[in-house]
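*Asks:* Pasting a structure here, questions to come.
The values are calculated or read from the model by the stated rules, or taken from the named source; none is laboratory data. What you are looking at is a predicted structure, and each value in this text was computed from that prediction instead of being measured. When we count neighbours, we look across all protein chains shown, and the Cβ atoms used for this are built from the backbone with ideal geometry, even at glycine. The accessibility values were calculated without ligands, DNA or RNA, using every heavy atom of the protein model including side chains. Shrake-Rupley method; radii C 1.70, N 1.55, O 1.52, S 1.80 Å.
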Amino acid sequence: MNFNLTQIPERTVRPRKFGITMVMDKGLSVQGAKDFMSVSYPHVDIVKLGFGTSFVTPTLREKLEVYRSYDIPVYFGGTLFEAFLIRNQFDDYLSICKDFGINHIEVSDGSITIPHAEKCGYIEKLTKHVTVLSEVGSKDAAHIIPPYKWIELMKAELEAGSTYVIAEAREAGTVGIYRGTGEVREGLVQEILTQIPEEKIIWEAPQKEQQLYFLELIGCNVNLGNIAPSEMLPLEAMRIGLRGDTFHLYLNKETV
């Protein structure tokens, strides 16, 4: 850090097992990725190339090299996995990931229906070769999953070999663990946390108020995902109490 300040909470450091930040790259150029990394790389743990953007990115290999030069893992969005799966091209997907040097794979079923035992089978197969992140929750706002089911699905996917389970929110933060307004489904979140270890969950939280909720609930080392590149440094500042929303969160009230 650039200055000496007391009463700053202790953040985990890369390579982190928890307290991670997953950034969603929805179409940065090669130069944009370089600029982003130049200011944010110490705080970024993993980059997701959102939904199917990797399919249409003309400079994909060059951009992947930028992230690799900073030892940042990259993975393709779960929607791309589902796009290959529904076309019966699972093996093609594995070949493409190998060809592009992708060592993290997201297994999701937010846009298509996969029997859960089959989804766990994909996780078990993939975890022998790559790091698996599996996403729980639907992208359909009308599909409300009860808390007990979230817990059941998350437990099964972690047991199948997922390193993390991702709580679905989409890039807008208006489905899954959130209501259509972006408001957190607090009862759902708190019930999940009674059964699933907090360090194993990545909460998709693209909106500032959502990030704040999880920082206040779990602490500065909560796992957060779907963070926009432009919001990376603001989030890190908020994590450690250097933004108005969390300014008083870590201060010792007896000495301040």
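*Asks:* Over segment 128-256, what percent of the accessible surface lies on carbon and sulfur atoms, probe 1.4 Å?
*Replies:* Here it works out to 51 percent.
*Asks:* Can I ask one more? Points 7 angstrom from Cα along the Cβ direction at Lys26 and Leu242: gap in nanometres?
*Replies:* With each label point 7 Å from Cα toward Cβ, the separation is 2.7 nm.
*Asks:* Let me ask something else about it. Between Phe55 and Asn252, what's the calculated FRET efficiency when r is the beta-carbon distance and R0 is 41 Å? Round to 0.05.
*Replies:* 0.20
*Asks:* Here is a further query. Under the 0.36 nm per residue contour assumption, what length would be gained going from the current alpha-carbon distance of Thr113 and Lys149 to full extension?
*Replies:* 11.4 nm
*Asks:* A further question follows. Modelling each spin label as a point 7 Å along the Cα-to-Cβ direction, I'd like the Arg16/Asn103 distance in nm, to one decimal.
*Replies:* Here the answer is 2.0 nm between the modelled labels.
*Asks:* If you take the Cα Rg of the chain and divide it by 2.2 N^0.38 Å, with N the number of residues, what do you get?
*Replies:* It is 1.00.
*Asks:* If the chain between Ile96 and Glu209 were fully stretched, how many nm would it gain, using 0.36 nm times the residue separation less the Cα-Cα distance?
*Replies:* 37.0 nm
*Asks:* Straight-line reach from Lys125: which lysines fall under 16 Å, measuring Cα to Cα and dropping same-chain residues less than 8 apart?
*Replies:* Qualifying lysines at Cα under 16 Å: Lys98.
*Asks:* Counting heavy atoms of the protein chains only and a 1.4 Å probe, report the per residue accessible area for segment 78-158 as a whole number of Å².
*Replies:* Per-residue value: 49 Å².
*Asks:* If you stretched the chain out fully between Asn88 and Asp35, how much longer would it get, using 0.36 nm times the residue separation minus the C-alpha to C-alpha distance?
*Replies:* Length gained, Asn88 through Asp35: 15.3 nm.
*Asks:* When the helices in the chain are scored as -39500 (n - 2.57) per DSSP H run of 4 or longer and the sum is shared across all residues, what 222 nm value do you end up with, to the nearest 500 deg cm²/dmol?
*Replies:* -10500 deg cm²/dmol
*Asks:* Another question about this same structure. Divide, for segment 172-247, the radius of gyration over alpha carbons by 2.2 N^0.38 Å, where N is the residue count.
*Replies:* Taking the Cα Rg and dividing by 2.2 N^0.38 Å, one obtains 1.05.
*Asks:* Scanning the chain for GluC sites (Glu not before Pro) in DSSP loops with at most 16 other Cβ atoms within 10 Å, what's the longest stretch left with none?
*Replies:* For GluC sites (Glu not before Pro) (loop position, at most 16 other Cβ atoms within 10 Å), the longest site-free span of the chain is 11-170.
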